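One structure below.
The values are calculated or read from the model by the stated rules, or taken from the named source; none is laboratory data. Remember, it's a predicted structure, so these values are computed and weren't measured experimentally. Heads up, the Cβs are rebuilt from the backbone with ideal geometry, glycines too, and the neighbour counts pull from every protein chain shown. With ligands, DNA and RNA removed, areas are computed over all heavy atoms of the protein, side chains included. Shrake-Rupley method; radii C 1.70, N 1.55, O 1.52, S 1.80 Å.
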Amino acid sequence: MVDLILKKRRAQALSAAETEWWVNAFVRGEVPDYQASAMLMAICFSGMSSEETVALTLAMAHSGACIDLAEVGVAVDKHSTGGVGDSTTLVCAPLAAACGARVAKISGRGLGHTGGTVDKLESIPGFNAALSPDEFVKAIKRAGLAITGPSAELVPADKMLYALRDVTATVDCIPLIASSIMSKKIAAGAGAIVLDVKVGNGAIMPDIDRAILLAEQMVAIGQGAGRETVALLSDMDQPLGLSVGNSLDIAEAIRILRGEESGPLLELSLLLAAEMLAVTGIAHTQREGLSRVKDAVANGTALAAFRAMVEAQGGDPQVVENPSLLPAAPRRETVCALEAGWLLRCDTVAIGQAAVLLGAGRTRKEDPIDPSAGIVLLRRPGDRVEAGEPLAVLHAGEETNMQEAAALLLRSLHFGPAPPVARPLVQGRVTASATERFVE
């Protein structure tokens, strides 16, 4: 291991066999934490080639059990790098399934200002987001899609390495981010992958240049592992949806799938679902896929697919017809504007942190969450607001400090005398053959 650390410190490439050896030896306990940490730091300073990153990803993916989805055909997984008000999975997965795709989605829990799809789904009474591999396959065969959290057997190397990255200041290294994300996608068994790489003040990649680098590395890993992979780069300078919470997000997704609401969350979900159809060959082009998923909203099949998933995973399907069955917060407080003007921009992280203060998120992995807590935004950047007009409604439990959350929310919103310049929702697209950039 010392020889390999020295080799990487000198910016020399590790072979696939060398990478596989040290990853597996670390998982078995034969390589101690301090040597693995030294390797992670050497990677941060020296970087990794595309071939090295693919080798690291595959070694991590195969460090534990892998799910076999051969019974369901070519399944597609979708992954977001995380944001605020980002419930695209809840919308795009049923959209794609309604059009014939088999959607196999492994999702995570929320931590810090970002929400987690598993937490959102667990706000549905009875919903099981801890499926075994066999249950996962059965749910996909029954409903056309399944969304579950990762099992303890999947990708143990990632869990162990991330614990070291978290305490050694190596979290923001692009090859390590890419291998962490893609190892879980590959182990989950999907034959095609659609990535949503967030860009902006609420994302892990605040600027477009680094977001493109991350997207290109993840697409290269996917293609190198034999998975058709595409990435969209989407704006996270403001919350994507108007709800920031758990049961609130489920209710918003249901309204969107019913065709009752539009906006950026629906727009991006439609584009992601269209890509999901294209990478699985169900649609010949993204344009054809987009037409089909729009029809799925209009004819009700997307909502039916969501209901089928809820039922297949033990949840109460009546919430689809009656979202009032979801957990509801006992306290609500309206936050009003202190000044008149145009809403120019949001500090997206602060909005997510305000939701955490209300109980909708966690600052440590072991923290409990309140499924009913969160924020419903009433204005977006570009809206004109008068002093005293409502900006948002806070939802929380009896013991929550509403005043602190309201103050943080107000500080996160910035006003001016003229409307802001609009930015495109999708800022780029990366495939194995090309990188398209839509903003400077």
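Figures for the structure shown
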quantity: Any hit, segment 35-42, residues being closer than 30 Å to ASP367 by Cβ, within 25 Å of the chain's Cα centre (by Cα) and surrounded by fewer than 24 Cβ atoms within 10 Å (Cβ to Cβ); calculated: yes
quantity: Per-region count, segment 37-68, residues closer than 30 Å to PHE136 by Cβ and either among the small types (Gly, Ala, Ser) or part of a strand (DSSP E or B) (or both); calculated: 6
quantity: Members of segment 185-227 that are under 19 Å from SER269 (Cα atoms), of a type in the set (D, E, K, R) and out of contact with any Lys or Arg (no Cβ under 8 Å at 6 or more places or on another chain); calculated: LYS198
quantity: Condition met for ARG109 (touching an Asp or Glu at 6+ places or on another chain (Cβ under 6 Å), surrounded by fewer than 22 Cβ atoms within 10 Å (Cβ to Cβ) and either touching a residue at least 12 places away in the same chain (Cβ under 8 Å) or within 28 Å of ASN299 (Cβ to Cβ) (or both)); calculated: yes
quantity: Residue that is open to solvent by 10 Å² or more (accessible area, probe 1.4 Å), farther than 28 Å from GLY281 by Cβ, among the small types (Gly, Ala, Ser) and under 15 Å from the mean Cα position of the chain (by Cα), where the choices are ALA251, ALA203; calculated: ALA203
quantity: Any strands (runs of 3 or more DSSP E) falling wholly within segment 271-381 and containing at least 3 residues that are open to solvent by less than 40 Å² (accessible area, probe 1.4 Å); calculated: 341-346, 374-377
quantity: Selection from segment 158-174 of residues that are of a type in the set (D, E, K, R), touching a Cys at 6+ places or on another chain (Cβ under 9 Å) and either open to solvent by less than 10 Å² (accessible area, probe 1.4 Å) or not in a loop (DSSP other than H, G, I, E, B) (or both); calculated: ARG165
quantity: All positions within segment 394-423 that are open to solvent by less than 50 Å² (accessible area, probe 1.4 Å) and not aliphatic (A, V, I, L, M); calculated: HIS395, GLY397, THR400, SER412, PHE415, GLY416, PRO420
quantity: Residues being open to solvent by 40 Å² or more (accessible area, probe 1.4 Å) and touching a helix residue (DSSP H, G or I) at 6+ places or on another chain (Cβ under 7 Å) - total across segment 66-82; calculated: 2
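Residues are listed down the side, and each one gets a yes or a no for (1) without any contact (Cβ under 8 Å) to a residue 40 or more places away in the chain; (2) under 17 Å from the mean Cα position of the chain (by Cα):
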{"site": "GLU122", "(1), (2)": "no, yes"}
{"site": "GLY126", "(1), (2)": "no, no"}
{"site": "ALA130", "(1), (2)": "yes, no"}
{"site": "ASP134", "(1), (2)": "yes, no"}
{"site": "VAL137", "(1), (2)": "no, no"}
{"site": "ILE140", "(1), (2)": "no, no"}
{"site": "LEU154", "(1), (2)": "no, no"}
{"site": "LEU161", "(1), (2)": "no, no"}
{"site": "ARG165", "(1), (2)": "no, no"}
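Conditions (1) over 18 Å from MET402 (Cα atoms); (2) touching a Leu at 6+ places or on another chain (Cβ under 9 Å); (3) of a type in the set (D, E, K, R), marked per residue:
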| site | (1), (2), (3) |
| --- | --- |
| SER324 | yes, no, no |
| PRO330 | no, no, no |
| GLU366 | yes, no, yes |
| ILE375 | no, yes, no |
